[in-house]
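What follows is a single structure, written as structure tokens, with notes after it.
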Amino acid sequence: MTVITDKIQNKTGGPVELGKQVAAKMWANYDGVNATVRDSFNLSSSVDLGSGHTEFNMTSGMSDANYCTNNTCKYLVNAAFGNNTKAEVYGKTAGVVNSITMSSSSGNNIDCQYVYADVLGELAQ
């Protein structure tokens with residue numbers, strides 16, 4: 001059986017609870033070297049803002065900017081930096097997450113081949 005719908009809500013019109021489960025509201029698997037999205041969910045676009053800076057725009061925004069986001073990266077497989085990189089969120093709005101990736105040792109911004117971002121929280125109604 002297949003069910004296709006745009007929205008599921010409870011009897012009073014609010015969001016459905018998934019037995020206290022929390023699902024990612026947006027995620028992206030991004031190639032920062034080539035500025036391309038490998039795969040994603042609830043991502044309308046990504047914008048390369050310069051070395052190590054990426055903007056992720058959500059298709060459906062969050063209720064506010066007080067959501068949780070995780071951001072990780074890896075420079076290149078078998079490269080000099082290896083795992084010596086870090087990713088941080090440096091500003092977000094209800095519909096946008098900005099990511100920055102850098103070398104942990106030098107602090108210089110670098111484009112990482114593997115950037116992973118996700119968002120947890122409440123979607124806007």
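The values are calculated or read from the model by the stated rules, or taken from the named source; none is laboratory data. What you are looking at is a predicted structure, and each value in this text was computed from that prediction instead of being measured. Glycine gets a Cβ as well: all are built from the backbone with ideal geometry, and neighbour counts include every protein chain shown. Just the protein is used for accessible areas: all its heavy atoms, side chains included, with ligands, DNA and RNA removed. Shrake-Rupley method; radii C 1.70, N 1.55, O 1.52, S 1.80 Å.
The separation of the range 23-47 from the range 95-125, counted between C-alpha centres, amounts to 10 Å. Across GLY32, GLY95, GLY50, mean-square fluctuation computed from a Gaussian network of the chain (C-alpha pairs under 10 Å connected) peaks at GLY50. Can you classify the range 48-120 as rounded, prolate or oblate using the Cα gyration tensor, where a ≥ b ≥ c are the square roots of its eigenvalues, rounded means a/c under 1.5, and otherwise it's prolate if a/b beats b/c and oblate if not? Taking the square roots of the gyration eigenvalues as a ≥ b ≥ c, the range 48-120 is prolate. Considering only alpha-carbon pairs that sit under 8 angstrom and 6 or more positions apart, the relative contact order computed for the chain is 29 percent.
Converting phi to 3J(HN,Hα) with the Karplus coefficients 6.51, -1.76 and 1.60 and the offset θ = phi - 60°, the range 50-61 yields x, 3, x, 10, 9, 10, 10, 9, 7, 5, 10, x Hz in sequence order, with x at every glycine or proline.
May I ask you to give the percent of accessible area on the chain that is carbon plus sulfur, with a probe radius of 1.4 Å? Taking all protein chains in place, the chain shows 51 percent carbon and sulfur surface.
Ordering ALA87, SER106, CYS73 by the projection of their Cα atoms onto the charge dipole of the range 31-125, which places +1 on the Cβ of Lys and Arg and -1 on the Cβ of Asp and Glu, puts SER106 at the extreme positive end.
Quick one: plug the Kirkwood hydrodynamic radius of the chain (C-alpha pairs) into Stokes-Einstein at 20 °C, 1.002 mPa s, and report D in µm²/s. Approximately 137 µm²/s, per Stokes-Einstein.
Taking trypsin sites (Lys or Arg not before Pro) in DSSP loop states with no more than 14 other Cβ atoms inside 10 Å as exposed sites, the chain has its longest site-free stretch at 21-125.
In the full protein context, the chain carries 60 Å² of accessible surface per residue, based on a 1.4 Å probe and ignoring ligands, DNA and RNA.
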